[in-house]
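Here is the structure we will look at.
Bear in mind that the values in this text are calculations on the coordinates, not laboratory data. As the structure is a computational prediction, the values presented were derived from the model and not from experiment. Cβ sites come from the backbone with ideal geometry, for glycine too, and all protein chains shown count toward neighbours.
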Amino acid sequence: DPQTHLKDADHFWDYLSQEPESFHQVMILFGDRGVPNGYRFMHGYSGHTHKLVKKDGSFVYAQFHYVSKQGTKFFTQAEADKLAGENADYANEDLFEAIE
């Protein structure tokens, strides 16, 4: 609610029901995949369509999908709950350590 800044569950469902492009994300969100084990073990998708323009002015529209070469790994809900209380920065730390 813009006036009170309180959450309204109907707003969430209204958005999803009126925006068909959200269907893919809803299937991921409410699927049985679980909580990703960090950024390295999850696929990524651009949330928007991008316009790629060549020097000659021609263009194409594109969406990007990033597929993890390491595959996907997930926490159980119990593991995710425990980790959230112990190290909320787990995903960032894991990615940094993997790069270093």
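Farthest towards the positive end of the charge dipole of the chain, among the residues Asn37, His11, Val67, is the Cα of Val67, using unit charges on the Cβ of Lys, Arg, Asp and Glu. Between Ser68 and Leu16, the distance separating the two model label sites (each 7 Å from Cα on the Cα→Cβ line) works out to 2.3 nm. A full extension of the chain between Asp94 and Lys55 corresponds to an added length of 10.1 nm, given 0.36 nm per residue minus the alpha carbon distance. Taking a ≥ b ≥ c as the square roots of the eigenvalues of the alpha carbon gyration tensor, the chain is oblate, as a/c is not under 1.5 and a/b does not beat b/c. When only the Cβ of Lys, Arg, Asp and Glu is charged (+1, +1, -1, -1), the dipole of the chain relative to its Cα centre reaches about 640 debye.
Report summary: the helix-based calculation at 222 nm, which adds -39500 (n - 2.57) for every DSSP H run with n ≥ 4 and divides by the residues of the chain, gives -10500 deg cm²/dmol. Each peptide in 32-43, 11-22 receives the mean, over its residues, of other Cβ atoms within 10 Å, and ordering these scores from highest gives 32-43, 11-22.
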